[in-house]
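A quick write-up on the structure given underneath.
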Protein chains: 2
Amino acid sequence: MQDTREKIIALADQLIRTKGYNAFSYKDISDPLEIKNAAIHYHFPTKTDLGVAVVDFETERFKEHTAKWSGMPEDKQLKQLFETFNRKHKEGLVCLMGTLSPDYKTFPESLQEKVTEMSAAFANWTSQCLENGRKKGFFAFDGDAYDRALLVLSNLLASLLMSRVMGPKTYGKISGQLYKDLLKKN
Amino acid sequence: MQDTREKIIALADQLIRTKGYNAFSYKDISDPLEIKNAAIHYHFPTKTDLGVAVVDFETERFKEHTAKWSGMPEDKQLKQLFETFNRKHKEGLVCLMGTLSPDYKTFPESLQEKVTEMSAAFANWTSQCLENGRKKGFFAFDGDAYDRALLVLSNLLASLLMSRVMGPKTYGKISGQLYKDLLKKN
DNA sequence: AAAATTACTTACTTGTAAGTAAGTAAGCAA
DNA sequence: TTGCTTACTTACTTACAAGTAAGTAATTTT
């Protein structure tokens, strides 16, 4: 019955993305899963443990995805990244980094480290993808690839957040223009 | 003693930016101001009322600032916007939209509306600034000015958030590259 | 001078979040 | 078949957040 543990992580993941880390409680998980809150404490003694598990899960999933894409040309790889965000947008969810970063200062160190680790994984992969893609002529952009990667990620992250507040069309306007900019030849 | 009311708003503003809306409590305000929590309820019966006051305050301040800048050439006006974010970054604070958007779904409608109103004020001003600036040759960018404004704001917003997690240099890398891109002539 | 208003304090209530201690039923292991 | 582990439940505790009712001292209005 490792099933319950995985269900808890999946639900916590979704709750963090919809309500934010500090606004969800064990009751939000125990009710829909029809278990007692103590059952969650059995799998994750503290809320921090659960937070760490969710972030680890997402970091792992990102690494699995990018490993699968590694044979594709870089423009297709980047397209896959955009598609991942498109799906999140359609589900009405924001990305983990976007929802966790405002609350970052309220986290214990162990969770902060995991969030930083995850963000580094995103940035490093995107940086490599952009750098290699530019060398091969798929992308055209100025400046350092790592800086450009931060720019791309910041747009994707914020476009999901801003869509919540400014309406669903916001996401497409930002990500669409961003993608065009990268492919554009001067 | 309208002073207390203003101090409450200023402190709440800072707390929302550091801990997030759902993580701060009336005690975080009453302790440093050396008043009782009931005194805060006197000025702001509910937490929502306080949230609305903070957002209104920031929207108003933004409108005052941009009104002051309105005589400047557009490149200087945009520079002022960047300077505003630079200052926030130096103080270790994120922007209100950045911290409120992940929690947006937990807000009552009245607060949601105020946040949406504030975001519209930001986007409309930036859009106008970019459009007029491009006409006069200060800026060079492709696509609709409103879409570009969303891109710029998303980068500024997210660069403050990401700096928390990825280190303070992140802000400069993103905002620096963003600014160069806008001034760049092809 | 009396009445009302402002800006609070004192002292609660209610609700809920996080966490824990002790017990239990089912399965497996020696 | 006895004992140990797994995956829980029952029934708590502690802490604190949000909000309120009633009182008060100082000022302001009439």
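Applying D = kT/(6 pi eta Rh) to segment A:99-161, where Rh is the Kirkwood radius over alpha-carbon pairs, T corresponds to 37 °C and eta to 0.692 mPa s, the Stokes-Einstein value obtained is 253 µm²/s.
Magnitude of the charge dipole for segment A:52-183, about its Cα centre and with charges confined to Cβ atoms of Lys, Arg (+1) and Asp, Glu (-1), is about 620 debye. Along chain A, the longest continuous region that contains none of the trypsin sites (Lys or Arg not before Pro) in a DSSP loop with at most 15 other C-beta atoms within 10 Å is A:37-135. Between the exposed loop cleavage positions of chain B, defined as GluC sites (Glu not before Pro) in a non-H, G, I, E, B DSSP state with at most 14 neighbouring beta-carbon atoms within 10 angstrom, the longest gap is B:92-186.
Among the chymotrypsin sites (Phe, Trp or Tyr not before Pro) in segment A:124-186, which ones are in a DSSP loop with at most 11 other Cβ atoms within 10 Å of the Cβ? Mind listing them?
Counting only loop positions with at most 11 other Cβ atoms within 10 Å, none of the chymotrypsin sites (Phe, Trp or Tyr not before Pro) in segment A:124-186 qualifies.
When each copy gets a label point 7 Å from Cα toward the beta-carbon at A:Lys68, what are the spacings between them in nm, shortest first? Nearest to farthest, the other copies are at 5.2 nm.
For A:Asn132, the distances from its label point to the matching points in the remaining copies are 4.7 nm, ordered from shortest, with each point set 7 Å beyond Cα toward Cβ. Within chain B, which whole H helices from DSSP have a Cα span along their axis of at least 27 Å and a mean Kyte-Doolittle hydropathy of 0.0 or more, if any? Helices meeting the criterion: B:145-166.
Here's the list of aspartates and glutamates a cross-link from A:Lys76 could span, going by alpha-carbon distance under 20 Å and ignoring same-chain residues fewer than 8 apart: A:Glu64, A:Glu131, A:Asp181. Segment A:64-83 and segment B:1-40 have Cα centres spaced 46 Å apart.
Surface burial for B against A, with a 1.4 Å probe and both sides summed, reaches about 3900 Å² of accessible area. Ignoring lysines fewer than eight residues from A:Lys7 along the same chain, the ones with Cα atoms less than 17 angstrom from its Cα are A:Lys27, A:Lys36, A:Lys47.
With K and R counted +1 and D and E -1, the other residues having a Cβ less than 14 Å from that of B:Gln80 yield a net charge of +3. Per residue, the solvent-accessible area of segment A:52-183 (1.4 Å probe, heavy atoms of protein chains only, all protein chains present) comes to 40 Å². Other residues whose C-beta falls under 10 angstrom from the C-beta of A:Arg164 contribute a net charge of 0, scoring Lys and Arg +1 and Asp and Glu -1. Here B:Ala38 yields copy-to-copy label distances, from shortest upward, of 3.9 nm, the label point defined as 7 Å from Cα along Cα to C-beta.
Within the accessible surface of the protein assembly as shown, defined with a 1.4 Å probe on protein heavy atoms only, the carbon and sulfur portion equals 52 percent. Take the Cα radius of gyration of segment A:48-115 and divide it by 2.2 N^0.38 Å, N being the number of residues; the result is 1.28. Of A:Lys88/A:Lys173; A:Lys19/B:Lys180; B:Lys135/B:Lys169; B:Lys63/B:Lys169, which pairs sit farther than 24 Å apart, going by alpha carbon to alpha carbon? Beyond 24 Å: A:Lys19/B:Lys180; B:Lys135/B:Lys169; B:Lys63/B:Lys169.
Counting other C-beta atoms within 10 Å, and keeping those with at most 12, which DSSP coil chymotrypsin sites (Phe, Trp or Tyr not before Pro) do you find in segment B:35-118?
none
Rg and Dmax, both from the Cα atoms of segment B:55-183 and both in Å, are 14.6, 44.
Percent of C-alpha pairs per 10 Å bin in the protein assembly as shown, short distances first: 5, 23, 32, 25, 12, 3, 0.
The values are calculated or read from the model by the stated rules, or taken from the named source; none is laboratory data. Every value quoted in this text rests on a predicted model; they were computed, and no experiment measured them. All Cβ positions, even for glycine, are placed from backbone atoms using ideal geometry, and neighbour counts span all protein chains on display. With ligands, DNA and RNA removed, areas are computed over all heavy atoms of the protein, side chains included. Shrake-Rupley method; radii C 1.70, N 1.55, O 1.52, S 1.80 Å.
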